[in-house]
1. Taking ARG225 as the residue in question, decide whether it is surrounded by fewer than 21 Cβ atoms within 10 Å (Cβ to Cβ), in contact with a Leu (Cβ under 7 Å, 6 or more places away or on another chain), part of a helix (DSSP H, G or I) and of a type in the set (D, E, K, R).
2. Applying the selection to segment 433-472, what residues are hydroxyl-bearing (Ser, Thr, Tyr) and open to solvent by less than 70 Å² (accessible area, probe 1.4 Å)?
3. Taking the options ARG90, ARG95, name whichever one is modelled with pLDDT of 90 or more, open to solvent by less than 20 Å² (accessible area, probe 1.4 Å) and under 22 Å from PRO215 (Cβ atoms).
4. How many residues, within segment 289-326, are part of a helix (DSSP H, G or I), modelled with pLDDT under 90 and open to solvent by 40 Å² or more (accessible area, probe 1.4 Å)?
5. Which members of segment 473-498 meet the condition of being surrounded by 19 or more Cβ atoms within 10 Å (Cβ to Cβ) and among the hydroxyl-bearing types (Ser, Thr, Tyr)?
6. Can you tell me which residues in segment 248-275 are in contact with a Leu (Cβ under 6 Å, 6 or more places away or on another chain) and open to solvent by less than 10 Å² (accessible area, probe 1.4 Å)?
7. From ARG69, ARG112, which residue is under 27 Å from ALA384 (Cα atoms), open to solvent by 10 Å² or more (accessible area, probe 1.4 Å) and without any contact (Cβ under 8 Å) to a residue 12 or more places away in the chain?
8. Within segment 337-364, track down each residue that is β-branched (Val, Ile, Thr) and within 20 Å of LEU400 (Cβ to Cβ).
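The values are calculated or read from the model by the stated rules, or taken from the named source; none is laboratory data. No experiment lies behind these values; they were computed from the predicted model shown. FYI the Cβ positions are ideal-geometry reconstructions off the backbone, even for glycines, and counts take in every protein chain you see. Ligands, DNA and RNA are stripped out before the accessible areas are found, and what is left, the full protein with its side chains, is counted by its heavy atoms. Shrake-Rupley method; radii C 1.70, N 1.55, O 1.52, S 1.80 Å.
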Amino acid sequence: MRLYDRSRARRSLFDTIAYRVLSQLTTVLGYIVLVRAMSKPDFGVFNLLYSFIPLVGTVASLGLEQTLRRFQPEYLRQEKLGAAAWLVKRVATARLATNCVLLAVILAVWNRVAPHFGLGPHRVEFEILCVLVILHFQSQILQLSMASHMLHRFSVGSVALLSFGKLVCYSILAAVGALTLRSALTADTISYALVYVFLRIQYQRHCAAGVPSEPYHPPPEERRRLLRYALFNNFNDAGTLFLDSRMDNFFVAGFLNSVAVGIYAFYMRLNEMATNILPVRLFENVIQPMFFAVETHEADTRLPQYFTFLLNTNLLLQWPIVAFAVSYHHEIVRVVFGGKFIEQSWLLPLVLGFSTINCFATPVSLTAQYEEKTQIQLLSKIFAAYNVLAMLVFIPWWGLYGAAIASGSAQALKNLFVWWHVRQRAVWLNAPTALGLSLAFWGGATGICYALKAAIPAPSYVHLGFGLLVFACVGMIAVRSPVLSRTDRELFFRLFQGRETRLLKILGLLTPHGGAHGAS
């Protein structure tokens, strides 16, 4: 059984791209309905309640998901199906137990703590959220397992199913004027339940069916290895608590109010939706199992290539996204979201700018996990303390912009710290060329767009059209330039050798620049 060969990777890439496009389209449509139909106070509380998901995810972590992510591909590559299934079962059971305990503790202290964040009257809504949280993490474990089996049509397909379910529910509720805080949470919970049932059926059918009947008992040294990795990652995950942008909502609620939480969460969510369409998100779940399956003697050559591929393909879209937001942040909010929260529209290019700075987070993290340097990832969480202090100082000074600056700079410092300790393999092979050309291309595009807005009086939607045309033209030039390295194009060619090759050549991803033999 060869799970991580080129044919499976190619199939997973197509499945991932197709379902990611569908999920992002339905996510954007659902979010537009939610923002337009829900009141500002309800929208703020809705996002504040959702901030409990990263809280539960980190405090009750035990390093479970990271252990599953790291070791299941290794077991599957070694054809240890019993070990892989045993690991999934143990992780799911432990996560369920820790989640239930932590949620019970939060409910027990609710009346004392919740009023400090304006959540006192919303205990019932939090109880609905408790069910959602349990379903969320159980579904996430199954998604990770399906991805390790290279069954991305189910793992990524379930994400599309979730966003589609939310869109349908939101649209029905909005049509009858009933899209409130409680009804939105109920709709989300129903959608998560459907996703969990779907994933459970597919896991039993495609993953558990081939597992040997005799139970797996890992040897003592393997248990110690797993426990050591999980222990480090438990503290590692806990350290991310105050580095998650959703946790910023509690600081905003404490210093400002629920409406401010809604504004901040709105722009952070736009940033998240923009980054979700980036290639690093498309390729991460495909490359991740292959990344961890790299033989040790090949790591010095292959890991820098994977690192560069993820970084360059990510920046290929990240640069135009942030440049377009700098040019048209006001117009985007006015046209798409009816002008809601438009008074703080400069938050959009600000948070997208920090996302560009932090675009190397995923490839750096994968490199550190491959080298099992969990202690370095743990030490990097010292910047969570910086984030807390920066929030306490910057929010009173600069309000929501202070929160965005504190969060973005903390992430950047943390990622740089990890990169420094894996820099021998986390190498950006064409950094000077890619960086210089990208700044020239997209800085020029931004200048053209501002000149058009100054010279041509027109409605916002017309200027958005002009901008899309300018950015499409610059993009066609950029993709054919050396911003993609020779090894990037060779990886594209190795992954896509079917009928799609012609399309990739038309787009410029397989142009001979910098590596003709890779695309011939």
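1. No; evaluated as a whole, the condition is false for this residue.
2. THR433, SER438, THR446, SER460 - these are the residues of segment 433-472 that are hydroxyl-bearing (Ser, Thr, Tyr) and open to solvent by less than 70 Å² (accessible area, probe 1.4 Å).
3. ARG95
4. 7
5. Listed by number, the residues that qualify are SER485, THR487.
6. Across segment 248-275, the qualifying residues are ASN249, VAL261, TYR264, TYR267.
7. On inspection, the qualifying residue turns out to be ARG112.
8. ILE342, VAL351, THR356, ILE357
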